[in-house]
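The values are calculated or read from the model by the stated rules, or taken from the named source; none is laboratory data. Model, not experiment: these values are computed from the prediction. Note that each Cβ is placed from the backbone with ideal geometry, even for glycine, and that neighbours are counted across all protein chains shown.
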Amino acid sequence: MSSLLDTELVVNEIFHSIQGESTHAGRSCLFVRLTGCPLRCVWCDTEYAFHEGSRTTVRDVLAKLAEWPCRLVEVTGGEPLAQKGAIPLMEELLAAGYEVLLETSGALPVDAVPAAVAKIVDVKCPGSGEERRNRLENLDHMGPRDEVKFVLADEDDYRWAAAYCHAHRIPERWATLFSPVQGKLPPEQLAEWILRDGLRVRLQLQMHKLLWPAVLRGV
């Protein structure tokens, strides 16, 4: 009889690194990057995950993760929820005793994600070119451990994100991350806007890119 462990996935890469984003930044973390994404954000830094990957099973993913002395796992992409196998993967990771994070674009429903998984949900700003894909109803399926992320390309994005946060009381309900597009919006400029307006958000820099600026994969 088959089990969730036999569920098939297409995996782009599995690696051990330092978590570079979210309130978990700086922690040792295992990453399972799944292949595929229905979005095409103009600033995407993982386009290689759109199509590249190998078919495997949840069982094999867990066996690979067991090679490292780390108990924090992030399931990411691409867009991990685009694969039906992402939910069984997270369920089996939890059953194996891992602390599990999910990085998702927010364009697909999150209601089936196990409650014990900490969701990091992206809200697409206009500068991404994918603002229309935001699912406001996902906010109804988020818990206190979850986080909301905005990637900002310019001041228009900043003002849009600030208004969105105010309209939906985002910072009062969840950790809220404002991240500048690398090479597009200077982080010091974003810091100045946050300080000027007194926003209750966290300025997020991608720590892994600061540590390994010349490495594009596996970090």
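Tabulated results
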{"read-out": "Residues of segment 64-101 satisfying the condition of being closer than 14 Å to Thr7 by Cβ and of a type in the set (D, E, K, R)", "value": "Lys84, Glu91, Glu92"}
{"read-out": "Within segment 158-187, considering residues that are touching a residue at least 24 places away in the same chain (Cβ under 8 Å), more than 15 Å from Arg200 (Cβ to Cβ) and more than 19 Å from the chain's Cα centre (by Cα), the one surrounded by the fewest Cβ atoms within 10 Å (Cβ to Cβ)", "value": "Lys184"}
{"read-out": "Subset of segment 138-172 (residues that are assigned to a helix (DSSP H, G or I) and in contact with a helix residue (DSSP H, G or I) (Cβ under 8 Å, 6 or more places away or on another chain))", "value": "Leu139, Glu155, Asp156, Asp157, Tyr158, Trp160, Ala162, Tyr164, Cys165, His168, Ile170, Pro171"}
{"read-out": "Which numbered condition Asp45 fails, given (1) part of a loop (DSSP other than H, G, I, E, B); (2) in contact with an Asp or Glu (Cβ under 9 Å, 6 or more places away or on another chain); (3) touching a residue at least 60 places away in the same chain (Cβ under 8 Å)", "value": "(2)"}
{"read-out": "Residues (over 17 Å from Glu91 (Cα atoms) and either among the acidic types (Asp, Glu) or touching a helix residue (DSSP H, G or I) at 6+ places or on another chain (Cβ under 6 Å) (or both)) located in segment 101-120", "value": "Gly106, Ala107, Leu108"}
{"read-out": "Residue that is farthest from Lys124 (Cα to Cα), among those in segment 29-62 that are of a type in the set (Gly, Ala, Ser) and surrounded by 14 or more Cβ atoms within 10 Å (Cβ to Cβ)", "value": "Gly53"}
{"read-out": "Residue in segment 147-155 that is of a type in the set (Val, Ile, Thr) and in contact with a Phe, Trp or Tyr (Cβ under 6 Å, 6 or more places away or on another chain) present", "value": "yes"}
{"read-out": "Filter result for the condition that a residue is closer than 21 Å to Val110 by Cβ and modelled with pLDDT of 95 or more, over Ser54, Ser22, Ser28", "value": "Ser22"}
{"read-out": "Selected residue (only one of Leu199, Leu195 is touching a Cys at 6+ places or on another chain (Cβ under 9 Å), of a type in the set (A, V, I, L, M) and free of Cβ contacts under 8 Å to residues at least 60 places away in the same chain)", "value": "Leu199"}
{"read-out": "Members of segment 128-155 found to be small (Gly, Ala, Ser) and surrounded by fewer than 23 Cβ atoms within 10 Å (Cβ to Cβ), listed by number", "value": "Gly129, Gly143, Ala153"}
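Residues are listed down the side, and each one gets a yes or a no for (1) surrounded by fewer than 16 Cβ atoms within 10 Å (Cβ to Cβ); (2) over 16 Å from the mean Cα position of the chain (by Cα):
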{"residue": "Arg71", "(1), (2)": "yes, yes"}
{"residue": "Thr76", "(1), (2)": "no, no"}
{"residue": "Gly85", "(1), (2)": "no, yes"}
{"residue": "Ala96", "(1), (2)": "yes, yes"}
{"residue": "Leu102", "(1), (2)": "no, no"}
{"residue": "Pro114", "(1), (2)": "yes, no"}
{"residue": "Cys125", "(1), (2)": "no, no"}
